[in-house]
1. Going through Gly420, Gly370, Gly449, Gly364 one at a time, which residue ends up being touching a Ser or Thr at 6+ places or on another chain (Cβ under 6 Å) and within 29 Å of Ala346 (Cβ to Cβ)?
2. Taking the range 315-329, which residues are of a type in the set (A, V, I, L, M) and either more than 25 Å from the chain's Cα centre (by Cα) or outside any loop (DSSP other than H, G, I, E, B) (or both)?
3. Which members of the range 97-113 meet the condition of being in contact with a strand residue (DSSP E or B) (Cβ under 8 Å, 6 or more places away or on another chain) and part of a helix (DSSP H, G or I)?
4. For the range 388-416, which residues satisfy the criterion of being open to solvent by 70 Å² or more (accessible area, probe 1.4 Å) and among the charged types (D, E, K, R)?
5. Condition (residue is open to solvent by 70 Å² or more (accessible area, probe 1.4 Å), of a type outside the set (Gly, Ala, Ser) and under 26 Å from Tyr147 (Cα atoms)) applied to the range 472-482: is it met by at least one residue?
6. Yes or no: Pro36 closer than 30 Å to Leu368 by Cβ, under 25 Å from the mean Cα position of the chain (by Cα), open to solvent by 30 Å² or more (accessible area, probe 1.4 Å) and at pLDDT 95 or above?
7. Return the pairs, sorted by first residue and then second, in which the second residue is of a type in the set (Asp, Glu), the first residue lies in the range 338-366 and is at pLDDT 95 or above, the beta carbons are less than 7 Å apart, and the residues are 6+ apart or on different chains.
Amino acid sequence: MNFLDELYLEKVMSGASTGTKWLGNNGRKKLPVTSPVDGETFAHVTKATQKDCEEIIVQAEKTFLTWRAMPAPQRGEIVRQIGLRVRDFKLPLGTLISYETGKPLQEGLGEVQELIDICDYCVGQSRMLYGMTTVSERPDHRLFEQYHPLGIVGIVTAFNFPMAVYGWNAMIAAICGDVTIWKPSSKAPVSAIALHKIIGRVLDQNNLPEGIFSLIVGDRESVGKKIIEDKRIPLISFTGSVPSGKIAAKTVADRLGKTILELGGNNGIILTEHADLKLAIPAAVFGAVGTTGQRCTSTRRLIVHNTRMAEVTEHLLAAYKSVKIGNPLLDINHMGPLIDKDAVKAYQKAIKTIVKQGGEILFGGNQLKGEGYESHCYVEPTIVKIASSAAIVSEETFAPIVYLLEYEGPVENAIAINNGVSQGLSSAIFSTNNNQIERFLSSRGSDCGIANVNIGTSGAEIGGAFGGEKETGGGRESGSDAWKAYMRRQTVTINYGNNLPLAQGIRFNID
């Protein structure tokens, strides 16, 4: 595993850092890190304690006072340097992501590139933290808005994107003048530590204080709960399941904090009678099979017009037969393992439920065993034909299972099926009919935060705001004006005249 040496990673590593200082390993419980690729335990991470968490928060509070005073373009320069350093380590970082999470190497490298891209994006954004000036109803008054740094941002990320989602949040927060505390998933902590070591060297080279970018690996109860409950952390960005997100949202709301929530996805692709299958089939297969179906934007539902169902099914079966499953570090393979054995159990449970609810397994449905699958985390990509009313269709099964759902009549019927689940992250339509496309994009169309035309549900670009509606959480990360969530908004009125007129024409005369 040369990539571990290239990233200066030890077999036992600390899971707590203030950015430039790593807290000691002594007396702390060790978290074994096992790869789903081959079942090998390749590292141990010492879990942070509540004491470590308190030290990190105190340091972050102190450093924020300095960091917020630095001009935003100078903060952008630090982010630029981080992006350059990450470029130098793209291959070992991508390899580590692939080995630790099981996603194909090309996806691991793509995730690192996404981090690099958001750094580049933030360099420009650091010079464009715009306010708005408008007209005042009072003479000799100026009315405008401005944005100020918010404080500490707590970032909780999931295993499936152990680096990119952090970048969407941390680099945006950094140019906004915030400091961050990152709690990565305990299923993928080594990728977070490797990145944090790179960031730490950039901070050292610029003689910056500790506490700008902090990291804490620990238990949900002892560490995660403390971060979410702490009033000194005004914003929590949380990526995870809907049940966990609801707990986080309630906890933060109780202390009147702010949240950015990226939760469940049950994403549908509509294939109308006018769909171009040369585009639709590859998009559907990648959406359902990519990251072994463990993306929040993975394609879960294919909503197909009845006149195209036979053709779509034929093409899908042919494509699935060509999907190669195995070691994700080998370019020949399209799909790697699920993250762990618990994920396999969830997949198997879903298959049983599908059959009970009248679903027909057209392809797959089995765990893979034997040579090359010794970790017991490999499963077959699965195609299911089932009624859209089946209860399982409304759930998010984090696995490579895609449902074929048939509809008849106008595109509005397909849109109703698309919108008929509680999640609202990503959606797509494949059609060459402009009327259908515009209806899908209209206020009566898709109710998801992302609506794509003639591309799949996964693979969002960093320039657009990322996030969804309903049980997805309603938060937005990455591009567009998502930066505003990381700042404190302030409305300002300046009276540069010699009188004191009141708004709404109110009169208040005193001697």
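The values are calculated or read from the model by the stated rules, or taken from the named source; none is laboratory data. These figures come from a predicted structure and were not determined experimentally. No Cβ is skipped: glycine too gets one built from the backbone with ideal geometry, and neighbour counts run over all protein chains shown. Please note that ligands, DNA and RNA were not included when accessible areas were found on the heavy atoms of the full protein model with its side chains. Shrake-Rupley method; radii C 1.70, N 1.55, O 1.52, S 1.80 Å.
1. Working: Gly420 fails: touching a Ser or Thr at 6+ places or on another chain (Cβ under 6 Å); Gly370 fails: touching a Ser or Thr at 6+ places or on another chain (Cβ under 6 Å); Gly449 fails: touching a Ser or Thr at 6+ places or on another chain (Cβ under 6 Å).
Just one listed residue meets the conditions, Gly364.
2. Leu316, Leu317, Ala318, Ala319, Val323, Ile325
3. Hits for the range 97-113 are Tyr99, Glu100.
4. Glu395, Glu406, Glu408, Glu412
5. yes
6. Values: closer than 30 Å to Leu368 by Cβ: yes; under 25 Å from the mean Cα position of the chain (by Cα): yes; open to solvent by 30 Å² or more (accessible area, probe 1.4 Å): no; at pLDDT 95 or above: yes.
Spelling it out, it is not the case that Pro36 is closer than 30 Å to Leu368 by Cβ, under 25 Å from the mean Cα position of the chain (by Cα), open to solvent by 30 Å² or more (accessible area, probe 1.4 Å) and at pLDDT 95 or above.
7. Going by the 7 Å Cβ cut-off, the qualifying pairs are Gly364/Glu380; Gly365/Glu380; Asn366/Glu380.
Per-residue answers, yes or no, for (1) closer than 30 Å to Gly336 by Cα; (2) touching a strand residue (DSSP E or B) at 6+ places or on another chain (Cβ under 9 Å):
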position	(1), (2)
Asp5	yes, no
Asn25	no, yes
Arg28	no, yes
Ser35	yes, yes
Thr46	yes, yes
Ala60	no, yes
Ile78	no, no
Thr95	yes, no
Leu115	yes, no
